[in-house]
Amino acid sequence: MRILPRPQREAMFEIYSFCRAVDDIADDPGPREPRREQLQRWRADLDALYQGTPPPHLISLSQAVRQFDLQREDFLAVIDGMEMDVIADIRAPDAATLALYCDRVACAVGRLSVRVFGMERAAGLALADHLGRALQLTNILRDLDEDAAMGRLYLPREALRDCGIISTDPATVLANPMLGEACGVLVRQAEEHFRQAEAIMTQSPRRVVRAPRIMGEAYGLILGRLVARGFAPPRPRVRLPRARIIFIVLRNLV
(Lines give C-alpha, C1' and ligand atoms only; values in the text may rest on other atoms or scores of the structure.)
Protein backbone atom coordinates (compact mmCIF):
# COMPACT_ATOMS: atom_id res chain seq x y z
CA MET A 1 0.00 0.00 0.00
CA ARG A 2 2.96 2.34 0.48
CA ILE A 3 3.30 2.75 -3.30
CA LEU A 4 -0.10 4.48 -3.52
CA PRO A 5 -0.53 8.27 -3.66
CA ARG A 6 -0.97 9.71 -0.19
CA PRO A 7 -4.80 10.06 -0.11
CA GLN A 8 -5.26 6.48 -1.32
CA ARG A 9 -2.52 5.17 0.95
CA GLU A 10 -4.05 6.77 4.02
CA ALA A 11 -7.50 5.47 3.12
CA MET A 12 -6.16 1.95 2.68
CA PHE A 13 -4.39 2.14 6.04
CA GLU A 14 -7.72 3.13 7.63
CA ILE A 15 -9.48 0.18 6.00
CA TYR A 16 -6.66 -2.12 7.13
CA SER A 17 -6.87 -0.79 10.70
CA PHE A 18 -10.60 -1.50 10.78
CA CYS A 19 -10.10 -5.03 9.44
CA ARG A 20 -7.27 -5.68 11.89
CA ALA A 21 -9.39 -4.54 14.82
CA VAL A 22 -12.39 -6.76 14.06
CA ASP A 23 -10.16 -9.68 13.08
CA ASP A 24 -8.42 -9.49 16.46
CA ILE A 25 -11.84 -9.78 18.10
CA ALA A 26 -12.60 -12.89 16.05
CA ASP A 27 -9.27 -14.52 16.95
CA ASP A 28 -9.37 -13.63 20.65
CA PRO A 29 -9.48 -16.90 22.64
CA GLY A 30 -11.79 -15.36 25.25
CA PRO A 31 -15.52 -16.04 25.82
CA ARG A 32 -17.73 -15.73 22.76
CA GLU A 33 -20.53 -13.49 24.02
CA PRO A 34 -18.30 -10.53 25.00
CA ARG A 35 -16.68 -10.75 21.58
CA ARG A 36 -20.07 -10.65 19.86
CA GLU A 37 -20.87 -7.59 21.93
CA GLN A 38 -17.63 -5.96 20.76
CA LEU A 39 -18.58 -6.61 17.15
CA GLN A 40 -22.02 -5.16 17.78
CA ARG A 41 -20.38 -2.02 19.14
CA TRP A 42 -18.45 -1.76 15.89
CA ARG A 43 -21.75 -1.92 14.00
CA ALA A 44 -23.13 0.88 16.17
CA ASP A 45 -19.98 2.95 15.60
CA LEU A 46 -20.34 2.51 11.83
CA ASP A 47 -23.99 3.55 12.05
CA ALA A 48 -22.88 6.71 13.84
CA LEU A 49 -20.18 7.32 11.23
CA TYR A 50 -22.65 7.08 8.34
CA GLN A 51 -25.10 9.30 10.20
CA GLY A 52 -22.45 12.02 10.32
CA THR A 53 -21.39 11.68 13.96
CA PRO A 54 -18.38 9.33 13.93
CA PRO A 55 -16.86 8.38 17.30
CA PRO A 56 -13.37 9.80 17.87
CA HIS A 57 -11.56 6.62 16.88
CA LEU A 58 -13.26 6.64 13.45
CA ILE A 59 -12.67 10.27 12.48
CA SER A 60 -9.93 9.35 10.02
CA LEU A 61 -11.95 6.48 8.59
CA SER A 62 -14.91 8.82 8.08
CA GLN A 63 -12.69 11.03 5.91
CA ALA A 64 -11.82 8.05 3.73
CA VAL A 65 -15.50 7.07 3.54
CA ARG A 66 -16.43 10.53 2.25
CA GLN A 67 -13.51 10.87 -0.13
CA PHE A 68 -13.89 7.48 -1.81
CA ASP A 69 -17.61 6.80 -1.27
CA LEU A 70 -16.93 3.64 0.73
CA GLN A 71 -20.09 1.64 1.30
CA ARG A 72 -21.46 0.85 4.74
CA GLU A 73 -22.64 -2.62 3.71
CA ASP A 74 -19.09 -3.67 2.87
CA PHE A 75 -17.81 -2.75 6.33
CA LEU A 76 -20.79 -4.58 7.86
CA ALA A 77 -20.08 -7.62 5.70
CA VAL A 78 -16.56 -7.82 7.14
CA ILE A 79 -18.00 -7.74 10.67
CA ASP A 80 -20.54 -10.43 9.72
CA GLY A 81 -17.69 -12.60 8.46
CA MET A 82 -15.75 -12.18 11.68
CA GLU A 83 -18.87 -13.03 13.64
CA MET A 84 -19.07 -16.37 11.81
CA ASP A 85 -15.80 -17.26 13.57
CA VAL A 86 -17.05 -15.96 16.92
CA ILE A 87 -20.42 -17.74 17.02
CA ALA A 88 -18.72 -21.14 16.69
CA ASP A 89 -15.44 -22.54 15.40
CA ILE A 90 -15.91 -23.18 11.69
CA ARG A 91 -15.21 -26.82 10.94
CA ALA A 92 -15.54 -28.28 7.44
CA PRO A 93 -18.24 -25.87 6.24
CA ASP A 94 -20.30 -26.78 3.22
CA ALA A 95 -19.25 -25.09 -0.02
CA ALA A 96 -21.99 -22.45 0.16
CA THR A 97 -21.00 -21.43 3.70
CA LEU A 98 -17.33 -21.23 2.72
CA ALA A 99 -18.24 -19.08 -0.29
CA LEU A 100 -20.23 -16.72 1.95
CA TYR A 101 -17.36 -16.57 4.44
CA CYS A 102 -14.87 -15.69 1.70
CA ASP A 103 -17.19 -13.00 0.36
CA ARG A 104 -17.48 -11.39 3.77
CA VAL A 105 -13.91 -11.53 5.04
CA ALA A 106 -12.09 -11.04 1.73
CA CYS A 107 -14.25 -9.88 -1.19
CA ALA A 108 -15.91 -7.17 0.92
CA VAL A 109 -12.44 -5.80 1.73
CA GLY A 110 -11.74 -5.91 -1.99
CA ARG A 111 -14.91 -3.94 -2.74
CA LEU A 112 -13.73 -1.23 -0.36
CA SER A 113 -10.24 -1.30 -1.83
CA VAL A 114 -11.15 -1.01 -5.52
CA ARG A 115 -13.05 2.20 -4.76
CA VAL A 116 -9.87 3.62 -3.27
CA PHE A 117 -7.84 2.39 -6.25
CA GLY A 118 -10.23 4.22 -8.59
CA MET A 119 -11.33 1.26 -10.68
CA GLU A 120 -14.34 1.34 -12.98
CA ARG A 121 -17.31 -0.12 -11.09
CA ALA A 122 -18.00 -3.37 -12.97
CA ALA A 123 -14.33 -4.28 -13.34
CA GLY A 124 -13.68 -3.35 -9.72
CA LEU A 125 -16.47 -5.54 -8.37
CA ALA A 126 -15.31 -8.47 -10.51
CA LEU A 127 -11.71 -8.04 -9.38
CA ALA A 128 -12.77 -7.80 -5.73
CA ASP A 129 -14.65 -11.07 -6.08
CA HIS A 130 -11.99 -13.09 -7.91
CA LEU A 131 -8.88 -11.74 -6.23
CA GLY A 132 -10.55 -11.75 -2.81
CA ARG A 133 -11.44 -15.43 -3.15
CA ALA A 134 -8.01 -16.31 -4.53
CA LEU A 135 -6.26 -14.65 -1.60
CA GLN A 136 -8.57 -16.12 1.03
CA LEU A 137 -8.33 -19.67 -0.34
CA THR A 138 -4.55 -19.31 -0.36
CA ASN A 139 -4.69 -18.13 3.25
CA ILE A 140 -6.78 -21.16 4.19
CA LEU A 141 -4.28 -23.53 2.59
CA ARG A 142 -1.30 -21.74 4.14
CA ASP A 143 -2.80 -21.56 7.65
CA LEU A 144 -4.10 -25.13 8.04
CA ASP A 145 -2.09 -25.85 11.18
CA GLU A 146 -2.51 -22.39 12.71
CA ASP A 147 -6.29 -22.59 12.25
CA ALA A 148 -6.41 -26.14 13.60
CA ALA A 149 -4.67 -24.96 16.77
CA MET A 150 -7.67 -22.64 17.27
CA GLY A 151 -10.12 -25.48 16.59
CA ARG A 152 -10.94 -24.32 13.06
CA LEU A 153 -10.99 -26.12 9.73
CA TYR A 154 -12.03 -24.22 6.60
CA LEU A 155 -11.65 -27.03 4.06
CA PRO A 156 -15.09 -27.64 2.52
CA ARG A 157 -17.04 -30.66 3.65
CA GLU A 158 -17.72 -31.82 0.09
CA ALA A 159 -14.02 -31.89 -0.82
CA LEU A 160 -13.22 -33.89 2.31
CA ARG A 161 -15.98 -36.43 1.79
CA ASP A 162 -15.10 -36.89 -1.87
CA CYS A 163 -11.67 -38.00 -0.62
CA GLY A 164 -13.17 -40.31 1.99
CA ILE A 165 -12.54 -38.00 4.95
CA ILE A 166 -15.62 -38.03 7.19
CA SER A 167 -14.25 -36.44 10.36
CA THR A 168 -14.51 -32.70 10.92
CA ASP A 169 -12.01 -32.67 13.79
CA PRO A 170 -9.14 -30.44 12.61
CA ALA A 171 -6.30 -32.57 14.00
CA THR A 172 -7.79 -35.78 12.63
CA VAL A 173 -8.33 -34.29 9.18
CA LEU A 174 -4.83 -32.82 8.98
CA ALA A 175 -3.32 -36.22 9.79
CA ASN A 176 -5.31 -38.01 7.07
CA PRO A 177 -3.17 -39.23 4.15
CA MET A 178 -5.86 -38.02 1.71
CA LEU A 179 -5.56 -34.42 2.89
CA GLY A 180 -3.57 -33.40 -0.18
CA GLU A 181 -6.41 -34.39 -2.50
CA ALA A 182 -8.90 -32.36 -0.51
CA CYS A 183 -6.57 -29.36 -0.54
CA GLY A 184 -6.16 -29.81 -4.27
CA VAL A 185 -9.79 -28.79 -4.72
CA LEU A 186 -9.07 -25.40 -3.13
CA VAL A 187 -5.80 -25.09 -5.04
CA ARG A 188 -7.63 -25.43 -8.37
CA GLN A 189 -10.31 -22.96 -7.29
CA ALA A 190 -7.69 -20.44 -6.20
CA GLU A 191 -5.75 -20.85 -9.43
CA GLU A 192 -8.87 -20.17 -11.48
CA HIS A 193 -9.70 -17.07 -9.45
CA PHE A 194 -6.12 -15.83 -9.91
CA ARG A 195 -6.50 -16.32 -13.69
CA GLN A 196 -9.77 -14.41 -13.75
CA ALA A 197 -8.29 -11.62 -11.63
CA GLU A 198 -5.27 -11.33 -13.90
CA ALA A 199 -7.51 -11.07 -16.97
CA ILE A 200 -9.43 -8.20 -15.36
CA MET A 201 -6.25 -6.37 -14.37
CA THR A 202 -4.80 -6.80 -17.86
CA GLN A 203 -7.80 -4.92 -19.25
CA SER A 204 -7.59 -2.15 -16.62
CA PRO A 205 -5.35 0.94 -16.56
CA ARG A 206 -2.05 -0.16 -15.10
CA ARG A 207 -1.84 2.72 -12.62
CA VAL A 208 -5.07 1.71 -10.86
CA VAL A 209 -4.21 -1.98 -10.47
CA ARG A 210 -0.60 -1.78 -9.29
CA ALA A 211 -1.44 -2.58 -5.67
CA PRO A 212 -3.81 -5.52 -6.39
CA ARG A 213 -1.42 -6.85 -9.01
CA ILE A 214 1.42 -6.91 -6.45
CA MET A 215 -0.83 -8.76 -3.99
CA GLY A 216 -1.92 -11.19 -6.69
CA GLU A 217 1.64 -11.95 -7.77
CA ALA A 218 2.86 -12.43 -4.20
CA TYR A 219 0.01 -14.69 -3.18
CA GLY A 220 0.25 -16.62 -6.45
CA LEU A 221 3.85 -17.43 -5.57
CA ILE A 222 2.79 -18.49 -2.08
CA LEU A 223 0.19 -20.83 -3.58
CA GLY A 224 2.81 -22.30 -5.89
CA ARG A 225 5.16 -22.92 -2.97
CA LEU A 226 2.37 -24.58 -1.00
CA VAL A 227 1.72 -26.96 -3.88
CA ALA A 228 5.45 -27.69 -4.25
CA ARG A 229 5.76 -28.31 -0.50
CA GLY A 230 2.69 -30.53 -0.37
CA PHE A 231 0.19 -30.90 2.45
CA ALA A 232 1.47 -34.00 4.24
CA PRO A 233 2.98 -33.39 7.70
CA PRO A 234 5.27 -31.84 8.64
CA ARG A 235 4.12 -28.64 6.93
CA PRO A 236 6.79 -25.93 7.35
CA ARG A 237 5.42 -22.40 7.11
CA VAL A 238 5.58 -20.94 3.60
CA ARG A 239 6.83 -17.37 3.35
CA LEU A 240 8.17 -15.22 0.54
CA PRO A 241 11.67 -13.80 1.03
CA ARG A 242 11.56 -10.04 1.53
CA ALA A 243 13.84 -9.59 -1.48
CA ARG A 244 11.31 -11.35 -3.71
CA ILE A 245 8.52 -9.09 -2.48
CA ILE A 246 10.65 -6.00 -3.14
CA PHE A 247 11.37 -7.30 -6.65
CA ILE A 248 7.63 -7.71 -7.34
CA VAL A 249 6.96 -4.18 -6.10
CA LEU A 250 9.74 -2.62 -8.18
CA ARG A 251 8.73 -4.52 -11.32
CA ASN A 252 5.21 -3.15 -11.02
CA LEU A 253 6.46 0.39 -10.44
CA VAL A 254 8.71 0.49 -13.50
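Taking only alpha carbon atoms, the stretch 207-254 gives an Rg to Rh ratio of 1.08, where Rh is the Kirkwood radius. Sequence-distant contacts, meaning Cα pairs under 8 Å at least 6 residues apart, place the relative contact order of the chain at 17 percent. Estimated from helices alone, the mean residue ellipticity of the chain at 222 nm is -23000 deg cm²/dmol (sum of -39500 (n - 2.57) over DSSP H runs with n ≥ 4, per residue). In a fully extended conformation the segment linking Ala171 and Leu221 would gain 15.3 nm over its present Cα-Cα distance, using 0.36 nm per residue. Specify whether the C-alpha gyration tensor of the chain places it in the rounded, prolate or oblate class, a ≥ b ≥ c being the square roots of the eigenvalues: rounded for a/c under 1.5, otherwise prolate if a/b is larger than b/c and oblate if not. It is oblate, given that a/c is not under 1.5 and a/b is not larger than b/c. Classify the stretch 1-128 as rounded, prolate or oblate, taking a ≥ b ≥ c as the square roots of the eigenvalues of its Cα gyration tensor: rounded when a/c is under 1.5, otherwise prolate if a/b is larger than b/c and oblate if not. Note, shape of the stretch 1-128 comes out oblate. Rounded to the nearest Å, what's the spacing between the alpha carbon centres of the stretch 92-107 and the stretch 39-67? Just the number, please. Using only Cα atoms, the two centres lie 26 Å from each other. For the chain, the solvent-accessible area works out to 50 Å² per residue, with a probe of 1.4 Å and every protein chain left in place. Distances between placed amide hydrogens fall under 5 Å for Arg91 paired with Leu153, all partners being 5 or more residues away or on another chain.
Label the stretch 171-254 by shape, choosing from rounded, prolate and oblate, from the square roots a ≥ b ≥ c of the eigenvalues of the Cα gyration tensor; if a/c is under 1.5 it is rounded, and otherwise prolate applies when a/b is larger than b/c, oblate when it is not. Taking the square roots of the gyration eigenvalues as a ≥ b ≥ c, the stretch 171-254 is oblate.
If you rank Ser167, Ser17 by how much accessible surface each has, with a 1.4 Å probe, what is the order from largest down?
Working: Ser167 40, Ser17 65 Å².
Accessible-area ranking of Ser167, Ser17, largest first: Ser17, Ser167.
With the contact rule set at Cα under 8 Å and sequence spacing of 6 or more, what percent relative contact order holds for the stretch 131-193? Taking the mean separation of contacting Cα pairs over the length of the stretch 131-193, I get 47 percent.
Pairs of Cα atoms nearer than 8 Å and 6+ residues apart set the relative contact order; for the stretch 1-65 it is 30 percent. Here the accessible area of the stretch 25-180 is 51 percent carbon and sulfur, with a 1.4 angstrom probe and all protein chains present.
The values are calculated or read from the model by the stated rules, or taken from the named source; none is laboratory data. The model shown is predicted, which means the values in this text are computed figures rather than measured ones. SASA here: full protein model, heavy atoms, side chains in, ligands and nucleic acids out. Shrake-Rupley method; radii C 1.70, N 1.55, O 1.52, S 1.80 Å.
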